[in-house]
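For reference, the structure is listed below as structure tokens.
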Amino acid sequence: ADPADPARRRALAELNLLAADEGAPLAPASAASVAGSLLDDLSIRVRAGAFAQAAVRSAQAVGELRWRGLAAAIERFRGRKARAAADLDDLPVATGIARAHEELALLTASLDKCLWRSIALAHHLLDRGQRPQLVLGVHLRPFKAHCWVQLGDAVANDRVETIRTFTPILVV
């Protein structure tokens, strides 16, 4: 209701849902508005190298989440992104990478594993000079969480109609 209310902040901190820092405001996360999905462009072919790198990045993401946890995985991505060079804005390359990850997901029956798939794709895009946003969103009634990657106003690993039902709570 009122994120600035100290009593509400303490209650959330006691539940370990919020850090007990009284001075930090609660600000909503925001991602760029979405105009389309890279997966809609079927003219880009997936290269074998991109597919192999998708498999490597996916295995790394699964391991990192399992052994180091979500907070460490997000911090590592945040650090890599901060050190990355300027955005190359090469959508054909980004589309090929996104499609490689999508095809890998079809082969590995990982269509419901959005967290590690998004982390893997985000790192792969960073490898190629892109500056993706890793977005975690939720919706209520029933509660659901979802993770996706955006490049500007394009969703890289999902469909627009899927992510529109989620409210971003973290954008890295």
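Couple of notes before you dig in:
- Of Asp40, Asp89, Asp112, the residue with the greatest mean-square motion in the GNM of the chain, using alpha carbon springs below 10 Å, is Asp112.
- For the chain, the longest principal axis of the C-alpha atoms and the axis of helix 91-107 are separated by about 90°.
- For the range 41-98, the share of accessible area belonging to carbon and sulfur comes to 58 percent (1.4 Å probe, ligands and nucleic acids excluded).
- Longest to shortest principal axis, alpha-carbon extents of the range 116-172, angstrom: 38, 19, 15
- Computed extension gain for Arg76 through Val171, at 0.36 nm per residue and net of the alpha carbon distance, reaches 32.8 nm.
- With contacts taken as Cα pairs under 8 Å at a separation of at least 6 residues, the range 76-172 carries a relative contact order of 29 percent.
- Arg78, Arg99, Arg9, Arg68, ranked by accessible area, largest first (probe 1.4 Å): Arg68, Arg78, Arg99, Arg9
- log₁₀ of I(q)/I(0) at q = 0.09, 0.19 Å⁻¹ - the chain, Debye sum with one point per alpha carbon: -0.33, -1.28
- Accessible surface, the chain, averaged per residue in Å² (probe 1.4 Å): 57
- Within the range 24-79, all pairs of alpha-carbon atoms sorted by distance into 10 Å bins from zero give the percentages 17, 27, 39, 15, 2.
- Label point distance in nm, Val138-Ser33, each placed 7 Å from Cα along Cα→Cβ: 2.6
- The Cα-based radius of gyration and maximum Cα-Cα distance (Dmax) for the range 72-149 are 13.4, 41 Å.
- Annotation: amide H-H contacts under 5 Å for Gly152 (H modelled 1.01 Å from N, sequence separation of 5 or more, or interchain): Gln133.
- Between Asp40 and Asp89, the FRET efficiency estimated from the beta carbon spacing at R0 = 25 angstrom works out to 0.85.
- Residues Arg164 and Ala7, FRET efficiency given R0 of 45 Å [Cβ-Cβ distance, rounded to 0.05]: 0.85
- Highest average first, the peptides 119-129, 47-57 ordered by how many other beta carbon atoms sit within 10 Å of their residues are 119-129, 47-57.
- Net dipole in debye of the chain [+1 Lys, Arg Cβ; -1 Asp, Glu Cβ; about Cα centre; nearest 20]: 440
The values are calculated or read from the model by the stated rules, or taken from the named source; none is laboratory data. Please read these numbers as outputs of a predicted model, since none were measured by experiment. We place every Cβ from the backbone using ideal geometry, glycine too, and count neighbours over all the protein chains shown. The accessibility values were calculated without ligands, DNA or RNA, using every heavy atom of the protein model including side chains. Shrake-Rupley method; radii C 1.70, N 1.55, O 1.52, S 1.80 Å.
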